[in-house]
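Undergrad: One structure, pasted below without further comment.
Derivation of every value follows stated rules applied to the coordinates shown; laboratory data play no part. Treat the numbers as computed from the prediction; the structure is a model and nothing was measured. Neighbour counts are summed over all protein chains in view; Cβ atoms, including those assigned to glycine, are modelled from backbone coordinates with ideal geometry.
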Amino acid sequence: MDASQITRRSFLYGSALVAGTAALAACSSGDNSPGGNSGDGGGASGAKGSETKALPKPGKFQQAPTVDKSLPAVEERLPENPYVIPHRWVKAGKYGGKLNMNTFSTQGAVKADSDRNFFYGHSPLRWLNDGKDIGPGIVEKWESNDDASEWTFHFRKGLKWSDGKDFSTDNIMFWWDNFIIDQKMAQTPPDEARSGKGTLAKFKPVDEYTLTMTFDAPAPLTADRMAMWVNGNIGKNGPIWVMPSHYLKQFHPKYNKKVKADWDTVGGLMEQKADWHRNPDCPTLTGYKCKTFDSNKGVVLERNPYYWCVMPNGDQLPYIDEIQISIVTDPEAGKLQVQQGSVDVCHGNYNQVFLGDVQGIRDSAAKANTEVTLWDSGSGTGSIFFFNYDYPDDDLRKLIREPKFRQAISHAFNREAVRKSVYFNTGEPTTGTLSPKAIEYTVNDTGKQAYKSWRDAYVEHNPDKAKKMLDELGLKEGSDGVRKLPNGKPLKLRLDYQADESNEHKTKDNQLVSDLKAVGLTMELNPIPPQTYDDQWKTGKLMAHSNWEVGDGPNHLVYPQWLVPIEYTRYCPLEGQWYQQLGTKTAGTEEDVDPWKRHPPRMEPEQDGPIRKLWDIYDKSKVEPDEMKRYQQVWDMIKIHISDGPFFMGSVANYPQVEVIKKDLRNFPRKENLAQGGMVNPWIHPTPAVYDTETWYWEDPTKHE
């Protein structure tokens, strides 16, 4: 089965609502040439989507005039078959200029991971057409046997690192043997490296450019999962996959006895040296390499002269010479930079620029030489909240696990108010699902109905119904109008949130608290320092989570953590960790220890409970080679989310995300260019990297030097 030719089955808050809605409408209109370009200046065309078959190799190649003349010719720096950009909207551009961006981080540039999602250069395979298709990456071709238990990947011959050294499968085995197998630098095996039984694949380098992955059971989702994330970032934004071993061996004690024992700690020697984004000496496969790094100020990236991607006319990418990314610790300061015109590209959700900011940005557009365009978020929820299903208090845990309680809260929540105040009447109210653009919802009428049923299950705002359901649970109101537990104890709910969460989430949180008060429930807003939030959630100490969204796709099983709790970060932190430990030496130990005091904290699900049922179906889906049967298994899991959920509660699905760009920036796609209008939110579908940012260019590069 040749998978390489298969299409995969697929500021101010705003003036007023009316003004904000009008501003959004204006953003959605106009021609398809970013910057309002009439089309004669080389801007993106009106064409839609991307080719799914590899484009022919150009007959000749061109390079940027600033490339060091002492380097080998461009033909010698490229692989035998470079990746030819397949997007129908791109046009041949102009070399030169600089691009200015900012990124939000309260903990410095070291913790600023979002801007890494601009660069897809390390990924073995790539999403195309907003996740509907899979295309080649550093892997040129791939195939599997009939039951998908063995996969063969052919990497591009002649591929080179940014320092000119040859890429080979040794760069993969260095990562696999020294970090995954040896469990160093806190690395865990990626999903694509496990079989349907959960055991690790066997990696075998056939030659310098060919790798086989052999599993003990079918692994039908391997190729899909190898398109996830941008990879190559010391485990941030996806697994590493490839490492420049010729450079990094000097920092590993196996190859250099002088290396100290703490080499693989968090923030230690290897992490510092292996991060191409902050170490100018670390070779990379991305279109840009690090020039300078300052954790307090930001990073400057410069052209990688060995980048392996070209335009159909033979232009080696990237077009723009340099990218300067500054750090902002206050999102309002970042928005001010956008309004003043000092930012050339602002990818809204990475910079806390939301729909409520559009009017202010449009008001300053003439002065800043910017325009706003909107891409679909692909979000299945908008701002969400969910309870900790494994909360340590016995009375509250029992209540939280009662579906009727969560359903009552969902009916108490006024999503239309959030749609108006946060999303300016865009998107659609939802109980909460995975991305509405996921293949399981669009493949046929059964899928469409599955989506509608989940979306609408408990979306109705009906306080009277919520009150009745709470009464039926024995949560009676006292004389003060506040409900108590059946045992007479006060019922006090708490919404724990990261103290630096955005205004979007804070507005939703306040609406939720107000709505619950109206049905007799008291919920306290509890800010948690972002540095400690993850550890507190992992150990089950927090009651509820509030500042995420669910956007995962392009299919449910590629990244199923919201559909089925198999790790700690979602709604079942302890049960998720129980699943993670299955098959390890930790499984079956500490049975007489309190679940919250185990290492790691973990809890076995109820035998006949919904979590166990989700696991059972999921485990079958992992080894099911038939695609339609996998879709049915997903629909069966959705039925559990409807009958025993909601386990997470959404607000508004598929609202637009804001993109702000300079008017003379070209090859930046509009919504009309994108196969599904965009799918911005899922980090496993890394936007804007999937649209090849290296193709961006300036209409007049001399104005941006």
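Undergrad: Along the positive direction of the dipole of the chain (beta-carbon charges: Lys, Arg +1; Asp, Glu -1; about the Cα centre), which of SER621, HIS347, VAL328 reaches farthest?
TA: Farthest towards the positive pole: VAL328.
Undergrad: Please provide three numbers in whole Å: the alpha-carbon extents of the chain along the principal axes, with the largest listed first.
TA: Computed over the Cα atoms, the extents are 83, 60, 52 Å.
Undergrad: Shifting gears a bit: I need the shape label for the range 187-337. Rule: rounded when a/c is under 1.5, else prolate if a/b > b/c, else oblate, with a, b, c from the alpha carbon gyration tensor.
TA: prolate
Undergrad: Still on this model: What's the FRET efficiency of LYS254 with GLU76 using the Cβ-Cβ distance as r and R₀ = 35 Å, to the nearest 0.05?
TA: 0.60
Undergrad: A further question follows. Rounded to the nearest 0.05, what FRET efficiency do LEU336 and LYS297 give with R0 = 25 Å and r taken as the Cβ-Cβ distance? Could you check?
TA: Efficiency, from the Cβ-Cβ distance: 0.90.
Undergrad: Helix-only estimate, please: 222 nm mean residue ellipticity of the chain, summing -39500 (n - 2.57) across DSSP H runs of length 4 or more and dividing by its residues, to the nearest 500.
TA: -6500 deg cm²/dmol
Undergrad: Could you please tell me the mean projected area of the C-alpha convex hull for the range 175-239, averaged over all directions and given in square nanometres to one decimal?
TA: Here the figure is 4.6 nm², rounded to one decimal.
Undergrad: Please work out the FRET efficiency for the pair ALA366 and GLU51, using the Cβ-Cβ distance as r and a Förster radius of 45 Å; give the result to the nearest 0.05.
TA: Values: r = 37 Å, r/R0 = 0.83.
Using R0 = 45 Å, I get an efficiency of 0.75.
Undergrad: Mind jotting down a quarter of the surface of the convex hull over the alpha carbons of the range 335-466, in square nanometres, one decimal?
TA: Computed as one quarter of the Cα hull surface, the answer is 11.1 nm².
Undergrad: For the charge dipole of the chain, defined by +1 on Lys and Arg C-beta atoms and -1 on Asp and Glu C-beta atoms about the Cα centroid, which residue among ALA417, ASN231, TYR533 has the Cα displaced farthest towards the positive pole?
TA: ALA417
Undergrad: Sticking with this structure for a sec: Among rounded, prolate and oblate, which fits the range 537-589 when a ≥ b ≥ c are the square roots of the eigenvalues of its C-alpha gyration tensor, a/c under 1.5 means rounded, and a/b larger than b/c means prolate?
TA: Verdict is oblate for the range 537-589.
Undergrad: Quick check: net charge around GLU428, other residues with Cβ under 11 Å of its Cβ, Lys/Arg +1 and Asp/Glu -1?
TA: Spelling it out: positives minus negatives among the neighbours equals +2.
Undergrad: Could you tell me whether the range 274-353 comes out rounded, prolate or oblate from its Cα gyration tensor? Rule is a ≥ b ≥ c as square roots of the eigenvalues, rounded for a/c under 1.5, then prolate if a/b exceeds b/c, otherwise oblate.
TA: oblate
Undergrad: Straight-line reach from LYS703: which aspartates and glutamates have a Cα under 19 Å away, not including same-chain ones fewer than 8 places off?
TA: Within the straight-line limit of under 19 Å, LYS703 reaches these aspartates and glutamates: ASP40, GLU302, ASP321, GLU322, ASP344, GLU371, ASP664, GLU694.
Undergrad: Still on this structure: If the range 386-652 were replaced by its equivalent ellipsoid, with semi-axes equal to the square roots of 5 times the Cα gyration tensor eigenvalues, what would those be, largest first, whole Å? Present the calculation step by step, with values, prior to reporting the outcome.
TA: Values: eigenvalues 156, 123, 63 Å².
After scaling each eigenvalue by five and taking roots: 28, 25, 18 Å.
Undergrad: Just to confirm a number: summing +1 for Lys and Arg and -1 for Asp and Glu over residues other than ARG570 whose beta-carbon lies under 12 angstrom from that of ARG570, what do you get? Kindly include the intermediate steps, with their values, before the conclusion.
TA: Numbers: positive: LYS538; negative: ASP390, ASP552, GLU567, GLU575.
It works out to a net charge of -3.
Undergrad: Further, regarding this structure: Could you please rank GLU659, GLU477, GLU371, placing first whichever residue has the fewest other Cβ atoms within 10 Å of its Cβ?
TA: GLU477, GLU371, GLU659
Undergrad: For each pair in LYS404/LYS448; LYS60/LYS671; LYS468/LYS489; LYS48/LYS663, compute the distance between the two Cα atoms and list the pairs where it is over 23 Å.
TA: Over 23 Å Cα-Cα: LYS404/LYS448; LYS60/LYS671.
Undergrad: Here's another thing I want to ask about it. State the extension gain, in nm to one decimal, for the chain segment bounded by LYS489 and SER643, taking 0.36 nm per residue of separation less the distance between their alpha-carbons.
TA: 52.6 nm
Undergrad: I want the local charge near GLN511. Using Cβ-Cβ distances under 12 Å, sum +1 for each Lys or Arg and -1 for each Asp or Glu among the other residues.
TA: Details: positive: ARG415, ARG419, LYS420, LYS506, LYS508, LYS517; negative: GLU416, GLU504, ASP509, ASP515.
Local net charge: +2.
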